[in-house]
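Student: After the structure tokens below, expect a handful of questions from me.
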Amino acid sequence: MSILNIDNVSKSFDGFRAINDLNLAIAKGELRAIIGPNGAGKTTMMDLITGKIRPDQGTLFFDTTHDLTRLDEAGTARLGIGRKFQKPTVIESLTVGENIDLALAGPRGVWSALRGPDRATASRERARLLDLVRLADPGRLAGELSHGQKQWLEIAMLLAQEPRLLLVDEPAAGMTDAETMRTADLLRDLAGEHSIVVVEHDMDFVRALNCRVTVLHQGHVLAEGPLDHVSANPEVIDVYLGR
Amino acid sequence: MRQINRNMAVFLSGLFVLTVAIPLMQGQVLPDYAVQLVGKYLCYALLAVSLDLVWGYAGILSLGHAAFFTLGAYVMGMHLMREIGARGVYANPELPDFMVFLNWDSLPWFWGASDSFAVTLLLVVAVPGALAFIFGWFAFRARVNGVYLSIITQAMTYALMLAFFRNEMGFGGNNGLTDFKDLLGIPLSSPGMRLGLFIASALALAAGLLIARAITQSHLGRVLVGVRDAESRTRFLGYRVEEYKLFVWTVSAMMAGVAGALYVPQVGIVNPGEFAPANSIEIVIWVALGGRGTLVGAALGAMVVALTKTLLTGWLPDAWLYALGALFILVTLYLPRGIVGALEGLKPARKPQEVAA
Ligand SMILES: Nc1ncnc2c1ncn2[C@@H]1O[C@H](COP(=O)(O)OP(=O)(O)OP(=O)(O)O)[C@@H](O)[C@H]1O
Ligand SMILES: [Mg+2]
């Protein structure tokens, strides 16, 4: 059973085909890496999945029944699609703890927000997540964190949402080698329970994920399979790995 | 956050002292008109708080907030017109003078309920609230943001000004509504009424501050900061940003309407000039001066500017606008976080809440 089905999707910007007849299926619990040169359409694909933009053609379904082209960002998030941006975005003038609180799964309406989440559950979850991503001080302003720490905070926020599908765009950017490996471990741990799509350029990281890899090029799937298999593909070497 | 609580406690205590002191001094050290003047400042302060709620906490820079204030003022003004009754120049028991002058033979439908004080109180919040809701519903859903949103808020108040200038609108044209006599049967010029209006303004300001604080300190307030600082991130967390903006925008407009309604009986007139774009820009200056995103600072900024204005228009009537401009430039350059920010800067607490406009 797939959690995500992308079929024959195309999307142009001012006549430029950023996504060109894209087909992709992610199984429940699968961890999938997406690689490809700059401008291949990786981020645009995530924009399509999350309802930020609409495809010109084709269909996107979540859990086979939910038509993602009819939903906005909040709608897809509520369905259970969590997204980490390429450029880390946390809410800088709130504290680390407050950022997590905002992300915690729960009702998202205005009236329930006036009341706020249940305090006891919230603080337990907050402590668990901060421990997981090794951020010690929940009272610290998010704006004061280093680039790498912001990445971690954003990952913690992603998990706080308890999403069924995680879209993770270049999580390792700005991280040390050790942190990169820890991220890979974390994602591998999360797979199974969650379905995960990771975009990354760092090949050591992709190797550490030890999962199926999809190579995107000019908005189209160029190759798919285990990393060793796709990296032996002459076309892939030509457009991406060889450079 | 604790900072906000402390500032709020200090400000509310000061307001309380003022509210107790002024009645004691009224008619002795303090002339009657001064009571009215301070009452007017308090209305400005409430208006400033309403703007700070949307600008400081949700990043919505409204350049049209005077529209909500003025609508509240007109609603109250209509009631005051009806209270004049047959004491007008034309002694028409039913119609306000300007309608007699225009040869109208009956009240337009929208004046129908204006004789009821209770309905007036309701409409004081409902009319600005409804306009804000409709405006916001379209603007926020269309994801109009930043400068574009500011411009359309300005266009909104400008359009209202033009409309209200027209006699056919039924709001007294360019003369507006004036010559009020009394409220609830008590003459507006009586010391008791002046004091009552002053106290009502102080209570409204206190309530406005507490409501704004409750909103901004709640979980909803955090969502709003998220909207302000990282709108897209907040959307991807599952929050429907437009609903949150609409909520706070509508609450803010209602608050501004209350300020306008309390203002009118104290100044004795409302005319379409109140809708002028410059008025809305002045509110922004108050908030920036006092400290955006501090609530108390907004109230303080409004009162400081209003007081300076009163003093300066006495001494240098022509120079007032230049003084305001210079003040604004100086504050932007040297006190980027306003008066309250500068006071807090003496002991650095949390990092400044940097925000893109
Ligand atoms: N909203 C947009 N308007 C116009 N062009 C866009 C838009 N979004 C993406 N593009 C274009 O689509 C192409 C694909 O961009 P995308 O960001 O998806 O690439 P990517 O694979 O994520 O690259 P990178 O590895 O650099 O992040 C690029 O040429 C980009 O300029
Ligand atoms: Mg990208």
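The values are calculated or read from the model by the stated rules, or taken from the named source; none is laboratory data. Keep in mind the model is a prediction, meaning the values are calculated, not measured. Reconstructed Cβ throughout: ideal geometry from the backbone, glycine too, with neighbour counts over all protein chains shown. These accessible areas exclude ligands, DNA and RNA; they are computed on the full protein's heavy atoms, side chains included. Shrake-Rupley method; radii C 1.70, N 1.55, O 1.52, S 1.80 Å.
Student: If you roll a 1.4 Å probe over chain A with all protein chains in place, what percent of the accessible area is carbon or sulfur?
Tutor: Working: 5000 of 10390 Å².
Exposed carbon and sulfur together represent 48 percent of the surface.
Student: Still on this structure, please answer the following. Mind checking the angle between helix A:177-190 and chain A's longest principal axis? C-alpha axes, 0 to 90 degrees, to the nearest 10.
Tutor: Tilt of helix A:177-190: around 90 degrees.
Student: So if I take the centroid of the Cα atoms in segment B:207-283 and the same for segment A:116-153, what is the distance between those two points in Å?
Tutor: Their Cα centres are 30 Å away from one another.
Student: Quick one: Cα convex hull volume of segment A:1-125, Å³ per residue?
Tutor: Working: hull volume 19.2 nm³, N = 125.
So the per-residue hull volume is 154 Å³.
Student: Computing the accessible area with a 1.4 Å probe over protein heavy atoms, can you report the carbon and sulfur percentage for segment B:154-287?
Tutor: Details: 2680 of 4190 Å².
Here carbon and sulfur together make up 64 percent of the probe-accessible area.
Student: Using only C-alpha atoms and all pairs of different ones, pull out the Kirkwood radius for segment A:109-240 in Å with one decimal.
Tutor: On the way: mean 1/r = 0.0593 Å⁻¹.
Final number for the Kirkwood radius of segment A:109-240 is 16.9 Å.
Student: Tilt of helix A:147-160 relative to the longest C-alpha principal axis of chain A, in degrees (0 to 90, nearest 10)?
Tutor: The helix A:147-160 is inclined about 80 degrees to chain A.
Student: A follow-up question, please. What percent antiparallel are the DSSP beta bridges of the protein assembly as shown, to the nearest 5? Mind dumping the intermediate values first?
Tutor: Details: 26 of 45 bridges.
Just about 60 percent of them are antiparallel.
Student: To the nearest 20 Debye, how big is the dipole of the protein assembly as shown about its Cα centre, given +1 on the beta carbon of each Lys and Arg and -1 on that of each Asp and Glu? Present the calculation step by step, with values, prior to reporting the outcome.
Tutor: On the way: 50 positive and 53 negative charges, 211 e Å.
Using Cβ point charges on Lys, Arg, Asp and Glu, the protein assembly as shown gives about 1020 debye.
Student: Any chance you could check the Cα centroid distance between segment B:137-184 and segment B:111-126 for me, in angstrom?
Tutor: Segment B:137-184 and segment B:111-126 have Cα centres spaced 18 Å from each other.
Student: For segment A:2-241, what is the convex hull (Cα atoms) projected area averaged across all directions, in square nanometres? Present the calculation step by step, with values, prior to reporting the outcome.
Tutor: Working: hull surface 52.8 nm².
Mean orientational projected area (segment A:2-241, Cα hull): 13.2 nm².
Student: While we're on this one: Of A:Lys11/A:Lys87; A:Lys52/A:Lys150; A:Lys52/B:Lys245; B:Lys245/B:Lys309; B:Lys40/B:Lys245; A:Lys11/A:Lys150, which ones are farther than 27 Å apart at the Cα?
Tutor: Values: A:Lys11/A:Lys87 22 Å; A:Lys52/A:Lys150 23 Å; A:Lys52/B:Lys245 19 Å; B:Lys245/B:Lys309 33 Å; B:Lys40/B:Lys245 29 Å; A:Lys11/A:Lys150 31 Å.
Going by Cα-Cα distance, B:Lys245/B:Lys309; B:Lys40/B:Lys245; A:Lys11/A:Lys150 fall outside the 27 Å limit.
Student: What list of ³J(HN,Hα) couplings, whole Hz, do you get for segment A:54-63 from phi and the Karplus terms 6.51, -1.76, 1.60, once you set θ to phi - 60° and write x for glycine and proline?
Tutor: Computed from phi, the couplings for segment A:54-63 are 10, x, 6, 9, x, 10, 10, 10, 10, 6 Hz.
Student: Antiparallel versus total DSSP beta bridges in segment A:2-241: what percent is that, nearest 5? Kindly include the intermediate steps, with their values, before the conclusion.
Tutor: On the way: 22 of 40 bridges.
Approximately 55 percent, going by the DSSP bridge assignments.
Student: On to the next question. For segment A:1-75, with only Lys/Arg (+1) and Asp/Glu (-1) charged at the beta-carbon, what is the dipole magnitude about the Cα centre, in debye rounded to 20? Don't skip to the end; give the middle numbers.
Tutor: Details: 8 positive and 10 negative charges, 30 e Å.
Here the size comes out at about 140 debye.
Student: Per residue in segment A:96-116, which ones lose no less than 30 Å² of accessible surface when going from chain alone to all protein chains (1.4 Å probe)?
Tutor: A:Glu98, A:Leu102, A:Arg108, A:Val110, A:Ala113, A:Leu114
Student: Can you tell me what the convex hull of the Cα atoms of segment B:85-232 projects to on average, as an area in nm²? Please report the intermediate quantities before stating the final value.
Tutor: On the way: hull surface 47.2 nm².
About 11.8 nm², averaged over all directions.
Student: Out of the chymotrypsin sites (Phe, Trp or Tyr not before Pro) in segment B:1-103, which ones are loop residues according to DSSP with at most 15 other C-beta atoms within 10 Å?
Tutor: Values: sites: B:Phe11, B:Phe16, B:Tyr33, B:Tyr41, B:Tyr44, B:Trp55, B:Tyr57, B:Phe68, B:Phe69, B:Tyr74, B:Tyr90, B:Phe98, B:Phe101; in loops: B:Tyr90.
When the chymotrypsin sites (Phe, Trp or Tyr not before Pro) of segment B:1-103 are filtered for loop state and at most 15 Cβ neighbours within 10 Å, B:Tyr90 remain.
Student: Tell me the label-point distance for the pair A:Asp177, B:Met169, using the 7 Å Cα-to-Cβ offset, in nm and rounded to one decimal.
Tutor: Placing both labels 7 Å along Cα→Cβ, they lie 7.1 nm apart.
Student: Based only on the alpha carbon positions, what is the Kirkwood hydrodynamic radius of segment B:299-350, in angstrom?
Tutor: Numbers: mean 1/r = 0.0825 Å⁻¹.
Every distinct Cα pair counted, the radius reaches 12.1 Å.
Student: Give the accessible surface of segment B:150-242 per residue, rounded to a whole number of Å², with probe radius 1.4 Å and ligands, DNA and RNA excluded.
Tutor: Values: 3370 Å² over 93 residues.
That works out to 36 Å² for each residue.
Student: May I pose another question? Determine the per residue accessible area of segment A:1-101 with all protein chains present and a 1.4 angstrom probe, expressed in square angstrom. Display every interim value, and only then the final one.
Tutor: Details: 3710 Å² over 101 residues.
On a per-residue basis, segment A:1-101 sits at 37 Å².
Student: For segment B:2-276, what is the convex hull (Cα atoms) projected area averaged across all directions, in square nanometres?
Tutor: Details: hull surface 61.0 nm².
Spelled out: convex hull of the Cα atoms, projected over all directions, averaged, 15.2 nm².
Student: With viscosity set to 0.890 mPa s and temperature to 25 °C, compute the Stokes-Einstein D of the protein assembly as shown, Rh being the Kirkwood radius across alpha carbon pairs; µm²/s, no decimals. All intermediate terms of the calculation are to be shown ahead of the outcome.
Tutor: On the way: Rh = 27.0 Å.
Using the Kirkwood radius from Cα pairs, D works out to 91 µm²/s.
Student: Am I reading the B/A interface right? What is its buried accessible area, both sides, 1.4 Å probe, to the nearest 100 Å²? Present the calculation step by step, with values, prior to reporting the outcome.
Tutor: Numbers: alone 16590 and 11770 Å², together 25540 Å².
Summing both chains' loss of accessible area gives about 2800 Å².
Student: Just going by the charge dipole of the protein assembly as shown, with Lys and Arg at +1 and Asp and Glu at -1 on Cβ, which of A:Gly15, B:Ala67, B:Thr294 is farthest out on the positive end?
Tutor: Going by the Cα projections, it comes out as B:Thr294.
Student: Per 10 Å bin, what is the whole-percent P(r) computed from every C-alpha pair distance within segment B:65-155?
Tutor: Reading upward from the zero bin: 15, 36, 25, 16, 7, 0.
Student: Starting from the Kirkwood radius over alpha-carbon pairs of segment A:91-157, derive D by Stokes-Einstein at 37 °C in a medium of 0.692 mPa s and give it in µm² s⁻¹.
Tutor: Numbers: Rh = 12.1 Å.
The estimated diffusion coefficient comes to 271 µm²/s.
Student: Follow-up question, since we're still on this one. In chain B, which whole DSSP H runs stretch at least 18 Å along their own axis (Cα) and average -1.0 or higher on the Kyte-Doolittle scale?
Tutor: Values: long enough: B:2-25 (34 Å, 1.12); B:32-58 (39 Å, 1.01); B:65-84 (29 Å, 0.79); B:117-141 (35 Å, 2.04); B:146-165 (29 Å, 1.54); B:191-217 (39 Å, 1.36); B:241-267 (39 Å, 0.92); B:277-290 (20 Å, 1.33); B:296-315 (29 Å, 1.44); B:320-334 (21 Å, 1.97).
Both cut-offs are met by B:2-25, B:32-58, B:65-84, B:117-141, B:146-165, B:191-217, B:241-267, B:277-290, B:296-315, B:320-334.
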